[in-house]
Amino acid sequence: TNNRPATVQTTCPYCGVGCGVNASPSATQGDETHPANLGRLCVKGSALHETLTQDGRLLKPNVFGRESTWPRAVTEVARAIRESVAVHGPGSVAFYLSGQLLTEDYYVANKLAKGFIRTPHVDTNSRLCMSSAVAAHKRAFGGDLVPACYEDLELANLLVLAGSNAAWAHPVLYQRMKASGRPGRRVVVIDPRKTATSDLADLHLAIRPGTDTVLFNGLLVWLADQEGLDRRYLAEHCEGFENTLRAAKSAAPSPEAVARLCDLPIESVTTFYRWFREEPRTVTAFSQGINQSSAGTDKGNAIINCHLATGRVGKPGASPFSLTGQPNAMGGREVGGLANSLAAHMDYDSPGARDRVARFWGTDAVAEGPGMKAVDLFDAVERGDIKVLWIMATNPAVSLPETDRIRRALARCPTVIVSDCDKDTDTARHADILLPAAGWGEKDGTVTNSERCISRQRRFLPLTGEARPDWWIIKEVARALGYEAGFDYEGPADIFREHARLSGFENSGQRFFDISGLAELSDDQYDTLEPRQWPVTGSASDSRRLFTDGRFATSDGRARLIPIASRLPARPPTDAFPVIVNTGRIRDQWHTMTRTARSSRLLAHRPEPFIEVHPEDIQALSLTPGALATLSSAHGHFVGRVRATPDQRRGEVFVPIHWNDQFTGQGLATALTDSVVDPVSGQPEAKHGRATLAHW
Ligand code: SF4
């Protein structure tokens, strides 16, 4: 780091907005040149330097409970993998990765697992975040492709925010939406709760949880009845409209039926529908309230159906727009970090993909087919099918549903390897081998944000203790396994160039993910790489929006409308568990708080776990505002301070996802949600738990 300037241009490691940050050990400021934030930062980003303490960091490898050295730790990891493959086959080894990893880390992990160990079982915590949006994109567009860019949020004359508390979860995007307000611009917020984002709303639809497909099916029917469709766009660029409309009519035949099923005033439903028909410049931004559902993929497609039917895709100020949760969920998708994808936006069943990737990687064959998605993967761990589990940069003992089962599974797994910055996470406590990973500011690489923009994270701090970048750790294990030739990287620039080359390798143009224009970057050019939206090919083209010419990534170039039958949450409340539990982020914390809890300024916003309850429910349950209460499910409990708020619907409560046993010893939000998943995406229904609520 000696040659590095005191302040570097890097990227915030928190949410999927991907803000540019001018960072030094003592200060963080928004980067005015970065297209995502144009100088803005939210409170988490501006407090980044306050979290750079070495307290709690994992400083050395630890092998079977004893501090160790890198050579010993690498040898032990390689030995565990080699023996497991020899005795139980490649499928006995699994990787659980993270949207916090840099793209280069992700790429090397994916290559080692699928190309050399040949296990397909590589999944990521992005499964919990936006895998339903990925599946919806694939069904509609033929690929996991986000058509829009951030500018569209400012250009839209109708902004529909579905299942998104952007004010807290994507604060800088919210600031951009707010700042771009002008006379006549309308905002509709669809959310069972009245959140901080609702402050921007001209219309708040406090929808019954899980009925989003009804609302958007009803919109499609109404648009058809009111001649609000773009028939020409449908005819020239889309398939499946008639079947989709038929399904929508049987699910949501009239605005009155929608109002009843969604528990909304009829005037609100018709106002929303009328505004949608009137305004061609409409963006529907959707996030975890849509994705984290047992019908998340259908919800995404119900939204996209309405945009395709009105020709509002990939146009300035007119698109569906998935807002991703994590800093590099998108980069992980690019390399194949999701179990059902292979690499570089190729699926296992993409024609010729396995052979192409094997030839590119210089290996005989790659894993045979899709691996297990996160919830299924941990079920397999619990059954004893997975003998070696390598977890990187994530804390599944807190973040997956039914955490009691996850902890049991981890305890039963013969070899759990955890790469992390921190030594004492809930997951690290289950590790047989702990590997100290470099943290934000200590490593170099790239991330991709919600608008497909690749940005550099840059190093400005020395490594802490013996921590190493994740790509280096994986490379060392690969070499110890005997795969020297495929893993001779000297730095992240080597990996990035290879990743970029693979994206263009035998790519005839149907795969829109193509960054081969960056494959020949020199080390210096990689070092100074400015934010770039993909695709980046050799030819100069405008990458801000996709599908601008109405050509999609399907085999025939036409988009697909998907018939959607309305499905409600898989586990409705019962007499035994009558309260519906909604979970989500708060403004000043990030995920399981391993980093943000280090800043007292951030902790001050909401210093302890809470339960938001409607005042009439408080009265009915004889609770006391400000006192502690307990939510109990079949899997565990959560203790929090009761906050009375009319912003909750009756019978429903909200709890934050961040606190965990490490901080409170009083339970987890994820103990209140079941392991029910979307049948297409495998994403758990994290927005709809059920519990009892009583005094502590
Ligand atoms: Fe970081 Fe997201 Fe805040 Fe931007 S909006 S500073 S990326 S947490």
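The values are calculated or read from the model by the stated rules, or taken from the named source; none is laboratory data. Note that this is a predicted model, so its numbers are computed, not measured. Note that we place each Cβ from the backbone using ideal geometry, even for glycine, and neighbour counts take in every protein chain shown.
For the range 265-312, give me each residue that is surrounded by fewer than 23 Cβ atoms within 10 Å (Cβ to Cβ), touching a residue at least 12 places away in the same chain (Cβ under 8 Å) and outside any helix (DSSP H, G or I).
Scanning the range 265-312 gives E279, P280, R281, T310, G311.
Can you name the strands (runs of 3 or more DSSP E) wholly within the range 390-462 that have at least 3 residues being farther than 21 Å from P71 by Cα and at pLDDT 95 or above?
445-448, 453-457
Mind checking which residues of the range 153-170 are crowded, with 24+ Cβ neighbours inside 10 Å and part of a helix (DSSP H, G or I)?
L153, A166, A169
Please verify whether P71 is touching a His at 6+ places or on another chain (Cβ under 8 Å), more than 16 Å from the ligand (Cβ to nearest atom) and under 20 Å from G465 (Cβ atoms), treating the condition exactly as stated.
no
Please identify the pairs in which a residue from the range 433-449 that is within 16 Å of the ligand (Cβ to nearest atom) has its Cβ atom under 8 Å from the Cβ atom of a residue that is part of a strand (DSSP E or B) and among the aliphatic types (A, V, I, L, M), counting only partners at least 6 apart or on another chain.
If the second residue must be part of a strand (DSSP E or B) and among the aliphatic types (A, V, I, L, M), the pairs left are G441/A23; T446/I454; V447/I454; T448/I454.
Looking at (1) in contact (Cβ under 8 Å) with a residue 12 or more places away in the chain; (2) under 27 Å from the mean Cα position of the chain (by Cα); (3) within 16 Å of the ligand (Cβ to nearest atom), which one does G56 not meet, given that it meets all the others?
(3)
Which residue is farthest from the ligand (Cβ to nearest atom), if the candidates are limited to the range 22-49 and must be under 25 Å from the mean Cα position of the chain (by Cα) and either of a type in the set (D, E, K, R) or in the same structural domain as P462 (by TED's automatic domain parsing) (or both)?
D31
Of the residues V8, V17, which is within 14 Å of the ligand (Cβ to nearest atom) and either under 30 Å from L603 (Cα atoms) or surrounded by 22 or more Cβ atoms within 10 Å (Cβ to Cβ) (or both)?
Sole residue among the options that is within 14 Å of the ligand (Cβ to nearest atom) and either under 30 Å from L603 (Cα atoms) or surrounded by 22 or more Cβ atoms within 10 Å (Cβ to Cβ) (or both): V17.
Here is a list of conditions, (1) more than 16 Å from the ligand (Cβ to nearest atom); (2) at pLDDT below 95; (3) farther than 24 Å from E382 by Cα; (4) not basic (K, R), and L128 meets all of them except one; can you say which number that is?
(3)
Let me confirm something: among L48, L41, which residue is of a type outside the set (S, T, Y), under 30 Å from R497 (Cβ atoms) and crowded, with 19+ Cβ neighbours inside 10 Å?
None of the others qualify; the one that does is L48.
Looking for whichever is under 14 Å from G445 (Cα atoms) and free of Cβ contacts under 8 Å to residues at least 60 places away in the same chain here; the options are D524, D575. Which one fits?
Among D524, D575, only D524 is under 14 Å from G445 (Cα atoms) and free of Cβ contacts under 8 Å to residues at least 60 places away in the same chain.
Under the condition of being among the hydrophobic types (A, V, I, L, M, F, W, C) and within 15 Å of the ligand (Cβ to nearest atom), which residue from the range 566-596 is farthest from A393 (Cα to Cα)?
Result: I586.
Is it the case that the range 91-101 has a residue that's under 30 Å from H345 (Cβ atoms), within 16 Å of the ligand (Cβ to nearest atom) and not assigned by TED's automatic domain parsing to the domain that holds S399?
Looking for residues that are under 30 Å from H345 (Cβ atoms), within 16 Å of the ligand (Cβ to nearest atom) and not assigned by TED's automatic domain parsing to the domain that holds S399, one finds none in the range 91-101, hence no.
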